[in-house]
Every structure is written in structure tokens, then in C-alpha cells.
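Data block below; observations after.
The values are calculated or read from the model by the stated rules, or taken from the named source; none is laboratory data. Here the structure is a predicted model, which means the values were calculated and not measured. Here the Cβ is made from the backbone with ideal geometry for all residues, glycine too, and neighbour counts use every protein chain on show.
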Amino acid sequence: MNNNSRATGNRTIIVDDAGSGDLLFGVIIGAYCKETDLFKYGVVGVQYFQSPNFGEKKYLKEASKITFQLLKAHGFNKKVQIKICRSYIFDTAVEDIRRKHGDSQVKRIKVIGRPQQLTETAYLDELRNLGYEPIEERERRRAKSFFHMMRWIKKNPHRIKYAKTGWPRLSKYDLSR
């Protein structure tokens, strides 16, 4: 199949996120097209997970905006099927897609395989760009990963700017020491 027939044929774009449950960095929104094996991503910046933005849930609108940008970059049209992660971060994006394009083009799924791996790798690369090295098995060991990230921040108080400080439960931890 040549690139022209790929561009005009039916395609599926799978949208996933990574980092929404982690203390560091923002959230990666990844979009993968199965038929072209093309992956693109955008970032919901950490500032959307800090006060006052977090309390106002501005990250949901930003995730929607980035999702639309990624769909456009993949050549979204009426022949494209969108499969989008069940994560709460996409609730507004899914509503916006359905309002603009109807229900038939979008389906909520559990993202697995290549799209999930690519999105996760993009997130881990962004963490490494901060100077943080994630622990092995961070997905299976969520609590250990959280406290590892917290200790990394505490070693240098200037790193607090990389943290999702808007979370109410964080108030019980003093990240500044």
C-alpha cells in the first residue's frame, strides 16, 4: 500500500496518556496511527496540575486541545476511527469530539501494546530530560515510585516546580525540605 492510499483509506488513531498518576512532570498525550505506524505526542504542562489550575480542572481542557492538535496532525477526517484511553483526563476531549463529530467516530478503550509503549516511553524520556531516573517496574510499584520521586524533589527544593503540587493529598508531605 502506498502512502496516498493510506492517507485516503480508513484509519484508526489510538490516543493514550502517561504520567497522570505520577508526582513529576505533566502528562503526555500520545496519538498513534496503526496503519501508518506514526506516533506523535503533546504535553499537558505541569502547571495545569498546580494551583490554581488544578483546582479549576484546566488540565481537562488542555488535554482536549492537545488531543485535537494530534488528531489534526494525523489527518483526522470522517473516515478515521478514534480509540481513546478510558482515563479521566480524556473525559472533556471525548465530549468535545462527540459534540463536534458525532458518537460514531470515537470509542473508549483500554490502550495496550505499541501505542501504550510509545506513550510511556515519551513520558520516561521527558522525566530523564529533567534529570530524574525512574525506578524499574514503576508501573507495578506505584507507591515506591511516588516516594522515589518525592525524595528526588526534596534533595533539591528548586525541583518543586516539576511536581504536580495541586493534588490535595500532597499537603501532608513537606516537599520543601
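Has segment 130-139 got any residue that is assigned to a helix (DSSP H, G or I) and surrounded by fewer than 17 Cβ atoms within 10 Å (Cβ to Cβ)? Among the residues of segment 130-139, at least one is assigned to a helix (DSSP H, G or I) and surrounded by fewer than 17 Cβ atoms within 10 Å (Cβ to Cβ), which makes the answer yes. Here is the figure for segment 130-155: residues that are within 24 Å of residue 53 (Cα to Cα) and either at pLDDT below 85 or not hydrophobic (A, V, I, L, M, F, W, C) (or both) total 1.
Criterion first (in a helix (DSSP H, G or I) and either of a type outside the set (Asp, Glu) or touching a residue at least 12 places away in the same chain (Cβ under 8 Å) (or both)) does residue 54 satisfy it? No; evaluated as a whole, the condition is false for this residue.
Of 20, 104, which residue is part of a loop (DSSP other than H, G, I, E, B) and more than 29 Å from residue 160 (Cβ to Cβ)?
Working: 20 fails: more than 29 Å from residue 160 (Cβ to Cβ).
Residue meeting the stated conditions: 104.
Pick from segment 90-117 the residues that are under 24 Å from residue 24 (Cα atoms) and touching a helix residue (DSSP H, G or I) at 6+ places or on another chain (Cβ under 7 Å): which of them is surrounded by the most Cβ atoms within 10 Å (Cβ to Cβ)? Per the criteria, the residue is 93. Every condition in (1) surrounded by fewer than 18 Cβ atoms within 10 Å (Cβ to Cβ); (2) modelled with pLDDT of 95 or more; (3) of a type in the set (D, E, K, R); (4) closer than 18 Å to residue 38 by Cβ is met by residue 120 except one, and the failing one is (1).
Evaluated against (1) in a loop (DSSP other than H, G, I, E, B); (2) touching a residue at least 24 places away in the same chain (Cβ under 8 Å), residue 91 falls short on exactly one condition, (1). Touching a Ser or Thr at 6+ places or on another chain (Cβ under 9 Å), part of a loop (DSSP other than H, G, I, E, B) and without any contact (Cβ under 8 Å) to a residue 40 or more places away in the chain: does that describe residue 112? Against the criterion (touching a Ser or Thr at 6+ places or on another chain (Cβ under 9 Å), part of a loop (DSSP other than H, G, I, E, B) and without any contact (Cβ under 8 Å) to a residue 40 or more places away in the chain), residue 112 does not qualify.
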